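The values are calculated or read from the model by the stated rules, or taken from the named source; none is laboratory data. This structure is a prediction, so every number in the text was calculated from the model and none was measured. Reconstructed Cβ throughout: ideal geometry from the backbone, glycine too, with neighbour counts over all protein chains shown. To get the accessible areas, we keep the full protein, side chains included, count just its heavy atoms, and leave off ligands, DNA and RNA. Shrake-Rupley method; radii C 1.70, N 1.55, O 1.52, S 1.80 Å.
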Amino acid sequence: MNPEINSPNASSPVKARTDPIHELIIEGAGCASCVGKIEKALKQVRGVENADMNFAQRTVTVTGNADTAGLIAAVEGAGYNARQLGGGANDDELEQKEKADWAYYKRLMREMAIALSLGIPLMIYSLVVGEMTVATTVERLVWLVVGLLTLGVMVFSGKHFYIGAWKSLKNHSANMDTLIALGTGAAWLYSMVVIMAPSLLPEMARHVYFEATAMIIGLINLGLALELKARGRTSAAIKRLVGLQAKTARVVRDGHELDIAIEQVLKDDVVRVRPGEKLPVDGEVLEGHSAIDESMLTGEPMPVEKARGDEVAAGTLNKNGTLLFRATRVGKDTALAQIINMVKRAQNSKPPIGRLADVISAYFVPAIMIIAVLSALAWLNFGPAPAVAFAVVSATTVLIIACPCALGLATPMSVMVGVGKAAEAGVLIRNGEALQTASKITAMVLDKTGTITQGSPKVTDIIVLEQEADAPEESAILRWAASLEAGSEHPLALAIVDSAKSRGLSLDKVTGFNAIAGHGIEGRVGKRALLFGNDKLMAQRDIDIQPHIGTIQALAAEAKTPMYLAVNQKLLAIIAVSDPLKPDSVTAINRLKQAGVRVVMLTGDNQATARAVAARAGISEFVAEVLPQDKANKVIELQQQGEIVGMTGDGINDAPALAQSNVGFAIGTGTDVAIESADITLMRGSLHGLADAIEVSKATLRNVKQNLLGAFIYNAAGVPIAAGVLYPLFGLLLSPVIAGAAMALSSVTVVTNANRLRFFKPQVSNYQSEEV
């Protein structure tokens, strides 16, 4: 499955990368250490190229030619359950997931209430009455009843921990469930030994820990429930995008207008949309004129005027007119549906920093189990009386407090929010690696035409240098140049052709056509041998332009690009073309520079024109007369200087440089090839998207590091205290109940911190757009 992704502003569809993708929902993954096992099992399936699990979402994205049934079997073989995710972008899927999450949340809260209804009274009793010891037969009977009630809590409220631990044991591994099952099981078993066979233990060690078992199960269930609720907020961006979709469409069939569900709209249906309505599908306007608000799709605040022949996108809002348009893309093929899928996949992808956490988590659980055993042995051999009780408490507390849940949640939660924030700003980030690398960019290379400038140059001057008897007019000069350029898609060529068409000129038949990359074009019109291109082409063909250098420099100083037309080896005319800067290029470039990013402009223009354009854009470093193949070389040169290079372009000739750069940025209004080669797509043409992407990336990485640091500190400090290192100095030994509460709160803290990113706003509001 790999759809085409269509930019709403692009004239042609944009194709996404072509690896087959499978998306699975994983059930039974209790902690970050499960991630590595599931990914490893999937990667061993024949045909799988990569598997990325998002622990926060409990989803895994698999690329490669593999059978879905085989993938599910591999996950089940690792001790977990899996089912295929629909991959759609509709309300039904989200509603089903929300219903499932809500049912799970209610179940966790119910189980928490049962556990704490026993644990809290026991805890109060221990605090008020004192030690929970077993000294008499009556006490044995009472505590036996309490023990059986605790067993009921373990079965009803904690069975998922024990089932998970058993599955993990069968696969010769350990996870969070293992730690909880061992901790609570050890506390309960020890207490039952105290009741059933007190003579086996010294009198001072006859203490029961049923309150710890019940409280730990209750608190951890509470933590999981709170985490689940907070996780739901991180997918707010997806919900907003899905919410943009209209529910119904008004189509014209057989002369009648019908209101039907959007799922029933067919390609080539004629659709009517009235003022204030959302567009249900993508299409091409047939009749009418209106302003369309595309802000939620592209981040561009200003409505865009649409008339006959213009493309419109699903999810955008019709402001003030009635449009009749032909449906060109429906269902999962609409630009909105594909953007939603791209954002979802990016949210599920993993940045390099996330893999570090996975590796640590994979070794963490076995290491903690060893520490728990060593701690118990130390207390048994060197601890005060009752050594057995101290050993049980310390080992249980170590097992409970060391759960790496927070570690596993630290990265994916932040990535989900960060990718969503970028999407809201019209910046589509393809994967987590691009998100992380964008935060480190030190140099940004900008292609001039279509990136800094509007990409729609106009002919400004036609200067005839030498008269010919049969072709002295400007119109003939323009007609010949346009005849040569008619087959080219270069923006400068389009300017020439458009200028000729606007004057009503008919084009001549060209023979012997030859495009010379980076130089120009040659061909014959009748008996005339024509050459049209830049100064390099003239130099290559020994045509001297020096006698007119004053005119050329004057044009270049006005940021105009001079092109030369030679007929029969004689320079005949100069045609100047000017491409104005985008209105907000200067402020956007200032944002990049103030962020400490080195800005470099590349252009095929001559030195003088490039200097003039760069000066207007506020760029001090530029490279002129760059051939298409040299753009990637410039990126390599900057990388060899130690720069982390971002490359921004919109043309086919930018694709090698985009692929070579550390992070490639494609302008959403550009070509398919450019977007295909890029890591990040700017849905609007503004360069502010670059600064937005870098700011969101830095904020996300900062948030990830805060989460990881918190999780590491929590575990690094919590485990030694739980083992009892402070007891010899201060007499302090952590209670298993406190450990359970701390473990639950650590995950909630990480999720809450990640959700702070939802309030992050790029600094674009501090900059006022300037007309250039």
*Each residue of segment 104-117 in order: what ³J(HN,Hα) in whole Hz does its phi give by Karplus 6.51 cos²θ - 1.76 cosθ + 1.60, θ = phi - 60°, with x for Gly and Pro?*
5, 4, 5, 5, 5, 5, 5, 5, 4, 4, 4, 5, 6, 5
_Stokes-Einstein D (µm²/s) once Rh is taken as the Kirkwood radius of segment 266-329 over alpha-carbon pairs, at 10 °C in 1.306 mPa s_ = 142 µm²/s
_Principal axes of segment 458-578: Cα extent on each, largest first, Å_ = 34, 31, 29
*Amide H neighbours of T248 under 5 Å, at least 5 residues apart or on other chains, H built in the peptide plane: list them.*
I262
_Computed E for R274/K239 - FRET, C-beta separation, R0 25 angstrom, nearest 0.05_ = 0.45
*asked:* Suppose R0 equals 22 Å. What FRET efficiency, 1/(1 + (r/R0)^6) with r the Cβ-Cβ distance, do A113 and K159 give to the nearest 0.05?
replied: 0.90
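E257 to T551: FRET efficiency via 1/(1 + (r/R0)^6), r the Cβ-Cβ distance, R0 56 Å, to the nearest 0.05?
Efficiency at R0 = 56 Å is approximately 0.40.
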*Radius of gyration and Dmax over the Cα atoms of segment 584-646, both given in Å*: 12.1, 31
*Would you mind checking which residues have amide H under 5 Å from G455's amide H? H placed 1.01 Å from N; only 5 or more apart, or other chain.*
G450
*L169 accessible area, assembled protein chains, probe 1.4 Å, Å²*: 110 Å²
*Seen from all sides and averaged, what is the projected area of the convex hull of the Cα atoms in segment 575-731, in nm²?*
13.5 nm²
_How big is segment 21-87 along each principal axis, measuring the range of its Cα positions in Å and listing the largest first?_
28, 23, 16
*In terms of the ratio Rg/(2.2 N^0.38 Å) built on C-alpha atoms, what value belongs to the chain?*
1.23
*Run the 1.4 Å probe and let me know the accessible area of D67, rounded to the nearest 10 Å².*
100 Å²
*Can you give me the pair-distance distribution of segment 122-234, C-alpha pairs, 10 Å bins, whole percents?*
13, 38, 30, 15, 4, 0
*Where in segment 542-567 does the label zone of R528 land, with the point 7 angstrom along Cα→C-beta and an amide N cut-off under 13 Å?*
565-567
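What translational D, rounded to a whole number of µm²/s, comes out for segment 381-525 from Stokes-Einstein when the hydrodynamic radius is the Kirkwood one over Cα pairs, at 10 °C and 1.306 mPa s? Working shown, then result.
Working: Rh = 22.4 Å.
It comes out at roughly 71 µm²/s.
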*segment 700-770 to segment 268-294: how many Å between their Cα centroids?*
48 Å
_Exposure ranking of S661, S456 by accessible area [1.4 Å probe, largest first]_ = S456, S661
_222 nm mean residue ellipticity, helices alone, for the chain (DSSP H n ≥ 4; -39,500 (n - 2.57); rounded to 500)_ = -16500 deg cm²/dmol
*Tell me the label-point distance for the pair I21, E98, using the 7 Å Cα-to-Cβ offset, in nm and rounded to one decimal.*
2.3 nm
*Quick one: which residues, 5+ away or cross-chain, put their amide H under 5 Å from the amide H of M601? H built at 1.01 Å from N.*
L446, E621, F622, V623
*Heavy-atom accessible area ranking, 1.4 Å probe, most first, across V281, V748*: V748, V281
*Accessible surface of E558 - all protein chains present, 1.4 Å probe, nearest 10 Å²*: 90 Å²
*Leaving ligands, DNA and RNA out of it, rank F622, F532 by accessible area with a 1.4 Å probe, largest first.*
F622, F532
*asked:* Could you derive backbone 3J(HN,Hα) for segment 414-421 from the dihedral phi with the Karplus parameters 6.51, -1.76 and 1.60 (θ = phi - 60°), listing whole Hz in sequence and x where the residue is Gly or Pro?
replied: 5, 4, 4, 5, x, 4, x, 4
*Convert each backbone phi in segment 576-587 into a coupling constant with the Karplus relation 6.51 cos²θ - 1.76 cosθ + 1.60 (shift: θ = phi - 60°), then list the ³J(HN,Hα) values in order as whole Hz, x for Gly and Pro.*
9, 10, 10, 10, x, 5, 5, x, 10, 4, 5, 5
